[in-house]
Amino acid sequence: MHSGNEPIDAIILQLQANIFDLLALSPPGWGGNLMRGLFHSILIAVGAFGIGILLGIGGAFGKLYGGPVLRDLLELYTTVMRAVPELVLILLLYFAGTDLINRVLELLGYQRIDINGLVAGICVLGIVQGAYSTEVIRGAIQSIPQGQIEAARAYGMSASLMLRRITLPAMLPFAIPGLANLWLIATKDTALLAIVGFNELTQETRTAASTTKAYFTFFLAAGVLYLTLTLVSNVIIARIERWSRRGQPVGGH
Amino acid sequence: MAGRVAASGAIEVAAKTSLWLQPHRIGLVAVGLALVVSAALFMRWDWVPNYAGLAVQGLWRTIWILAVTSVLGFLLAIPIGLVQVTGPAWLSWPAYWFCTVIRGTPLLLQLWFLYYGLGSLFPQYPWIRDSFLWPYLRQAWPYAVVSLTISYAAYEGEVMRGAFAGVARGQLEAARAYGMSRWKLFRRIWLPQATYRALPTLAGETVQQLKSTPLVATITVVDIYAVASRVRQETFIVYEPLLLLAVIYLCITGILVFAFRKLEARIPARLG
């Protein structure tokens, strides 16, 4: 055997022996920690995406039907949120948000509280997501054929009934590609919370890797988990897209 | 004549300004100015002179990383997009999976995988330690550049795939009928038209890339974000450095968007 290959062979042998021990689900292995991190990541992504959609619906309606002041303020919100790095926003909103809540509590005579990292992370990412989904949903509402809205008005529908029965369902096929993209961004942005020390998948991976010194193995394993999440999401998104377009003529709106 | 042109230009500008400066906007601008002034008066800014030199260095590093990784990433994106449209399976398949894997995992994880994962394997091989690359492999910035370049290449490669596929067949057939060689056809017809198509997304991708640059601070590259973190850790001032940092990123984004808009306006947007 060529002498230069010996260290490589040794490492490969060592990896084969160790990799299953390292990634075992029960405590001496770190697989359980990674799975818990993945669960937390999915939880944060779902929460942030949900908050983002609610903010997005509100923001889109404000931008389309709101008064001039509201419109300008929403423009400011979406511009700033989309121009400043998520990392900076997370730190800023995390510090400012917890500080603000505690000051309000002190003013009202309550004790200071420790904000749960999970809740803070979900809220912060949700606010960032809201800026993007505002734009997606606004575009989708504008793509609804105008006649449908006019018909709803002609039927004498109230604004909320029209929202529930016409606008939201009709905009869905136009909004889904953009929202799907946002969901994928949300799953990946959860990794940023590792920097504020929250125990999601990337942070759990770093802990496991720095404890065992098996950096290569663990980062690769985490990559596979994230990729699986993305690929599974893609399959589900394709189904939802097909469902939302049911009843529409094929190949055009 | 020149005076009339200038006058009509001034009128146009005045009309645009009055359209933008509606009554409520004057109020909003006043509120904004009041906020800025009170921030300048009531917040602590005495740390700024101490860190100004470091901040300029950090800003330069951020811009440098952004420029280098965007250009290299775009150059990589061209072959990645092209082989997925026209290449043989043994090229298009890896290109497809490259895009899928990079776009499917967080950039932070890729960065740490390269720096901590691969970086921890390198010292075990004597031939790597003896090579001329070793002085670079021991520093952090090459990992930052490689990882950001790969990320940009994957996202933009996906865009270029669509752009190459979107160029009208007739254009390519006409070029072939003129007897152009494959390389000339690519250079004169296919690549320029695809680039025009990709240009609108390029601005967005580059802003996205700017927003990814602070991640390099996690592997000890001192960019502008790292400087702000250092101010926070050394002086225990939380909001001021972060606010200033947000303003700096806003300015860079504004400049990028403006520059790309100018670039787009200069290129005739006539597509076949």
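Rule-based calculations on the coordinates, nothing more; no lab input. What you see is a predicted model, and the numbers here were worked out from it, not measured in a lab. Don't worry about glycine lacking a Cβ; one is built from the backbone with ideal geometry, like all the others, and counts go over all protein chains shown.
Structure above, values below:
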quantity	calculated
Members of A:188/B:16; B:184/B:262; A:63/A:188 lying beyond 31 Å, as alpha-carbon distances in this model show	A:188/B:16
Rg in Å to one decimal, and Dmax rounded to a whole Å, for segment B:132-224 via C-alpha atoms	18.6, 55
Segment A:179-219 - convex hull of the alpha-carbon atoms, volume per residue in Å³	62 Å³
Of A:79, A:227, A:248, farthest towards positive along the dipole that unit charges on Lys, Arg, Asp, Glu beta carbons give the protein assembly as shown	A:248
Under-5 Å amide H pairs with residue A:200, H placed in peptide plane, nonlocal only	none
Alpha-carbon centroids, segment B:124-200 and segment A:149-206: separation in whole Å	33 Å
Cα-based convex hull volume of segment A:122-253 per residue, rounded to whole Å³	119 Å³
Three principal axis lengths of chain A [C-alpha, angstrom, descending]	82, 60, 31
Bins of 10 Å from zero: percent of alpha-carbon pairs in the protein assembly as shown	3, 14, 24, 26, 19, 10, 3, 1, 0
Hz values of 3J(HN,Hα) by residue in segment B:73-89 - Karplus curve (6.51, -1.76, 1.60), Gly and Pro given as x	x, 5, 4, 6, 5, 4, x, 5, x, 5, 5, 6, 8, 10, x, x, 4
Relative exposure of B:130, A:99, judged by other C-beta atoms within 10 Å (fewest first)	B:130, A:99
Convex hull of chain B built on C-alpha atoms - directionally averaged projected area, nm²	23.1 nm²
Gaussian network model of chain A, Cα within-10 Å springs - most flexible of A:226, A:65, A:155	A:155
In sequence order, calculated HN-Hα J values of segment B:233-250 (Karplus, 6.51, -1.76, 1.60; Hz; x Gly/Pro)	6, 8, 10, 6, 8, 8, 6, 4, x, 5, 5, 4, 4, 4, 5, 4, 5, 4
GNM flexibility winner over chain A from A:131, A:154, A:214 (Cα, springs under 10 Å)	A:154
Top of B:117, B:27, B:53 by mean-square fluctuation, Gaussian network on chain B, Cα under 10 Å	B:27
Electrostatic dipole magnitude of segment A:3-244 [Cβ: Lys, Arg +1; Asp, Glu -1; Cα centre; debye, to 20]	760 debye
Residue order, fewest to most beta carbons within 10 Å, for B:173, A:200, B:264	B:173, B:264, A:200
Coil-residue trypsin sites (Lys or Arg not before Pro) of segment A:87-156, DSSP, other Cβ within 10 Å capped at 14	A:112
